[in-house]
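Here's the structure, in structure tokens; my notes come after.
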Amino acid sequence: MSVTTRAERAAPFPGGRAELRLPTAPFALRAQALGCADARTGPFTPLDVPARLVLELEPLPGVRGRVLRADGSPATDARVGLHALFGPRVEVEQNGFRLRHEAWTTTGTDTDAEGRFVLYPPPLGDGQYSARESVLRVTAPGHAPTELAPAVYDPKIGLELELRLLRGGVIEGTARHAPTLDPSGFLLLFHRGDGDLRTVRLGPEGTYRLEHLAPGGWWVEVLQAEMLGARSSSSSTLHDEPAPPFEPHDLVVVEGQTTRHDVDLDAHAPSALRGELRLVGRTLDGWSAALFDEHVGRHELASSVALDGAGRFRLETASPGTYTLVLSAPEATGGRLELRETLTLAPGEHDWSLELAPGRVEGSGAIGRGSRERFYRYEWRGSVAGHALEAHVRIVPDKSGSFVLPSVPPGRGVILRNDPQDGQTEFAPWEKLAEFEVAPGGHATALLP
């Protein structure tokens with residue numbers, strides 16, 4: 001048994017006796033024990049609490065039952081638990097995959113030598129028990145996870161169950177792929193919304209087989225990397241309306257049967273970008289190219305390489321998708337030019353090329369503000385046919401406030417300033433100081449106010 005006040009929690013202790021320090025404010029006392037309803041007393045003030053309190057716990061009948069193996073023998077090594085369903089407006093994901101019900105349980109227990117078990121549905125809130133539906137789920141070696149249909153399990157109403165474990169169904173198939181693609185190393189991930197992710201690594205032949213799978217709908221994902229391993233993450237979303245329905249299943253498993261499901265790896269084959277950058281009148285020594293993965297809000301480096309003397313580069317990605325190509329000049333006295341373009345890469349090889357006749361910008365007036373650092377930035381507002389480019393340079397002035405940008409794309413550009421507020425670490429709104437046109441190969445001068 002354990003005892004809880006609003007200010008203190010006592011660890012479980014033997015004999016049903018405990019001593020607690022009195023809080024300095026009014027309090028209530030609650031006692032909890034497995035298999036019993038919570039007992040409460042109070043509230044009290046520190047001046048009127050009795051020296052001795054007795055709380056009587058009401059035994060609960062619990063959910064009792066027996067688990068049998070598929071052959072009818074007692075399942076002595078089964079794990080049994082209640083997994084609550086989510087509310088109608090709640091959407092929960094674990095490790096990036098949506099759940100039908102809680103993957104965790106606070107009622108888990110193991111069967112005894114005769115396959116018997118007893119569960120006590122957990123309380124919710126102030127001594128009230130949850131009215132949410134739950135799935136009673138049983139797992140055991142050599143069998144598929146076996147579930148009962150969702151139901152409300154009232155801890156104050158006794159229930160006797162007998163469950164016979166399922167051997168489950170089988171999924172097998174082949175990964176179709178182009179002759180030039182090696183399927184080795186690809187992972188197939190199978191899930192059904194219960195948090196139990198099943199993976200199989202493909203071999204050179206591209207075939208696979210999974211056994212002891214729970215009957216019902218399953219989804220299939222193709223992965224190029226291992227999952228999180230020991231790490232786990234979860235997220236939940238509360239919708240104003242009922243949560244969106246699940247996507248249709250990719251396949252259905254039937255008890256005692258084999259379901260055939262082939263997958264197409266070509267849609268997940270690596271992508272490669274062959275590119276060439278040409279800057280009229282400029283060398284490309286020290287330039288680099290990189291691809292950043294923008295999948296589902298990420299911005300992670302996927303590939304990077306230095307440009308060769310002719311401005312050529314080749315970048316590879318493990319999978320198709322949306323990427324940001326970033327071409328970066330070497331560090332210069334006044335700042336480094338970066339060119340960016342968002343690309344959608346399908347499997348296979350892609351060609352990219354760009355030619356610019358860059359200009360030069362010289363300026364003055366980029367003065368600091370007392371002890372605070374001011375930030376200056378050049379942004380290109382031009383365009384190039386066939387490209388959706390962005391370009392910018394972080395301006396680094398000298399002590400006198402002068403700066404030189406040796407290479408900027410031709411076209412309209414602006415210079416912006418940011419004055420961080422005193423005592424603040426975040427950027428303030430950017431202020432436009434100058435806007436002008438840079439001719440191809442030309443020269444512009446900016447006198448900042």
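The values are calculated or read from the model by the stated rules, or taken from the named source; none is laboratory data. Predicted, not measured: the structure shown is a model, and the values here were computed from it. Cβ sites come from the backbone with ideal geometry, for glycine too, and all protein chains shown count toward neighbours.
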For this session: May I ask you to list the residues in region 78-113 that are not aliphatic (A, V, I, L, M) and not in a loop (DSSP other than H, G, I, E, B)?
Result: Arg79, Gly81, His83, Glu91, Glu93, Gln94, Phe97, Arg98, His101, Thr109, Asp110
Problem set entry | Pair list, Cβ under 6 Å, 6 or more apart: region 46-62 residue over 30 Å from Val118 (Cα atoms), other residue in a loop (DSSP other than H, G, I, E, B) and among the aliphatic types (A, V, I, L, M) | Pro46/Leu22
Exercise. For region 307-354, which residues satisfy the criterion of being hydroxyl-bearing (Ser, Thr, Tyr), within 33 Å of the chain's Cα centre (by Cα) and within 24 Å of Val408 (Cα to Cα)?
Worked result: Tyr323, Thr324, Ser328, Thr342
Seminar exercise, completed: Flagged in region 146-201 as within 27 Å of Leu68 (Cα to Cα) and of a type in the set (Phe, Trp, Tyr), in numbering order, are Tyr153, Phe190
Exercise. Looking at region 226-242, which of its residues are surrounded by fewer than 10 Cβ atoms within 10 Å (Cβ to Cβ) and either closer than 21 Å to Gly185 by Cβ or modelled with pLDDT under 90 (or both)?
Worked result: Glu226, Gly229, Ala230, Arg231, Ser233
Exercise. In this structure, does Leu337 turn out to be touching a strand residue (DSSP E or B) at 6+ places or on another chain (Cβ under 7 Å) and at pLDDT below 95?
Worked result: yes
Exercise. When you go through (1) without any contact (Cβ under 8 Å) to a residue 12 or more places away in the chain; (2) assigned to a strand (DSSP E or B) one by one for Lys399, which number turns out not to apply?
Worked result: (2)
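Condition check ((1) within 37 Å of the chain's Cα centre (by Cα); (2) buried (at least 19 other Cβ atoms within 10 Å of the Cβ); (3) in a loop (DSSP other than H, G, I, E, B)) across all residues:
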{"site": "Tyr376", "(1), (2), (3)": "yes, yes, no"}
{"site": "Ala391", "(1), (2), (3)": "yes, yes, no"}
{"site": "Gln421", "(1), (2), (3)": "yes, no, yes"}
{"site": "Glu435", "(1), (2), (3)": "no, no, no"}
For this session: Could you check, for region 339-357, whether at least one of its residues is in the same structural domain as Leu291 (by TED's automatic domain parsing), at positive phi and part of a loop (DSSP other than H, G, I, E, B)?
Result: no
For this session: Please verify whether region 72-87 includes one or more residues that are among the basic types (Lys, Arg) and either over 29 Å from the mean Cα position of the chain (by Cα) or modelled with pLDDT under 95 (or both).
Result: no
